[in-house]
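Enquirer: To start, I am sharing the structure in question, which I have written as structure tokens.
The values are calculated or read from the model by the stated rules, or taken from the named source; none is laboratory data. Every value quoted in this text rests on a predicted model; they were computed, and no experiment measured them. Cβ placement follows ideal geometry from the backbone for every residue including glycine, while neighbour counts extend to all protein chains displayed.
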Amino acid sequence: MPTVGGAKSYARHTRLGALMYHRGLRAVEVARDADVNPRLLSDYTSGRKAPSAQSRVKLTAYFGVDAAELFEDRYPWTADMAHAAELDRQAKAMA
């Protein structure tokens with residue numbers, strides 16, 4: 001697969017993947033640094049699977065963004081602002 005800045009082009013299917021792409025991050029780096037299973041991260045970036053609550057918290061903390069901003073495109077339940085606010089609170093507590 002073609003790469004740009006070390007990020008695979010397929011990763012742009014979701015907001016998570018797009019953020020990794022634009023920051024030039026490779027999945028292996030994000031998985032290691034955010035403590036997320038690399039296979040699951042691949043599933044999340046392609047939209048094959050929805051991230052668990054724990055993975056959402058870890059990834060929002062790692063990227064420093066709101067859960068709704070990171071996952072809203074593929075995972076409509078994060079559009080519920082109360083839920084997104086709770087995920088943000090958890091991410092900040094972990095940081």
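Enquirer: Need a quick list: helices (runs of 4 or more DSSP H) entirely within the stretch 14-80 having at least 2 residues that are closer than 13 Å to residue 91 by Cβ and either modelled with pLDDT under 90 or not aromatic (Phe, Trp, Tyr) (or both).
Expert: So the answer is 53-63, 67-71.
Enquirer: Something else: When residues of the stretch 17-26 are filtered for being touching a Gly at 6+ places or on another chain (Cβ under 9 Å) and of a type in the set (A, V, I, L, M, F, W, C), how many remain?
Expert: Number satisfying all stated conditions: 1.
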